[in-house]
Amino acid sequence: MTARPWGIVFSFSLVLLLPFASAAPPLPAQSSAQIPQISEEWAASWNAKQIDHTLELYAPDAAFLTAEGGRVSGKAAIRKLFQQALDSADPAITFHSVSSSTSGDLAFDSGEYEEILTFTGRAPAVVPTDKPVPQAGTTMKFRGNYLIVFQRQPGGRWLIEQHMWTGAPQASK
């Protein structure tokens, strides 16, 4: 019977410590300088035509906004668009991040892109409607701006939630 007071003290101690034991450790802080690296990873996997890796960078409910104003929602629909684009051309894209920042679980990267597409002729080309339909072997240069919005996931990984392009007019000659 003398062990009972120790049991009460032990139980009371557990109750006091329980809130601290169940709290999840804070996520490591990620500086805004690291966010453009994810955009660069996207460009590298795109240029290598690694569609699976490219799509791993997107959240399941992500949206891709095309330069023409279209909205493609969900990874399955984005995959279809990207597959058609990669079947029709060999890309060489570069990003130049102009501004990036984080705030809590949201982050963005905004900048300029330049892409040279060499068309393969294996699939219908995915090009803006104001451009002629390219023949196999034709190269076209595109440039514009991009904005990528990221959301930090429960495990701490940043995934793309919204991704958009704009087309910039080509310089007059």
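Taking the criterion of being in contact with an Asp or Glu (Cβ under 7 Å, 6 or more places away or on another chain), under 19 Å from Ser45 (Cβ atoms) and modelled with pLDDT of 95 or more, would at least one residue in segment 83-91 satisfy it? Yes, because at least one residue in segment 83-91 is in contact with an Asp or Glu (Cβ under 7 Å, 6 or more places away or on another chain), under 19 Å from Ser45 (Cβ atoms) and modelled with pLDDT of 95 or more. Just one of (1) out of contact with any Leu (no Cβ under 6 Å at 6 or more places or on another chain); (2) outside any helix (DSSP H, G or I); (3) at pLDDT 50 or above fails for Lys49. It is (1). If the condition is being within 16 Å of the chain's Cα centre (by Cα), surrounded by 14 or more Cβ atoms within 10 Å (Cβ to Cβ) and of a type in the set (S, T, N, Q), then segment 52-93 contributes Thr54, Thr66.
Is one or more of the residues making up segment 62-72 hydroxyl-bearing (Ser, Thr, Tyr) and either out of contact with any strand residue (DSSP E or B) (no Cβ under 9 Å at 6 or more places or on another chain) or modelled with pLDDT of 95 or more (or both)?
no
So for segment 112-123 (the condition being touching a residue at least 40 places away in the same chain (Cβ under 8 Å) and of a type in the set (Val, Ile, Thr)), does at least one residue qualify? No, because not a single residue in segment 112-123 is touching a residue at least 40 places away in the same chain (Cβ under 8 Å) and of a type in the set (Val, Ile, Thr).
Out of Ala67, Ala136, Ala89, one residue alone is within 28 Å of Gln34 (Cα to Cα) and among the small types (Gly, Ala, Ser). It is Ala67. Among the residues making up segment 97-119, those that are surrounded by fewer than 16 Cβ atoms within 10 Å (Cβ to Cβ) and under 22 Å from Glu68 (Cβ atoms) are Glu112, Glu114, Ile116, Thr118.
The values are calculated or read from the model by the stated rules, or taken from the named source; none is laboratory data. All values reported here derive from a predicted model rather than from experimental measurement. So basically every Cβ, Gly included, is an ideal-geometry build from the backbone, and we count neighbours across all protein chains shown.
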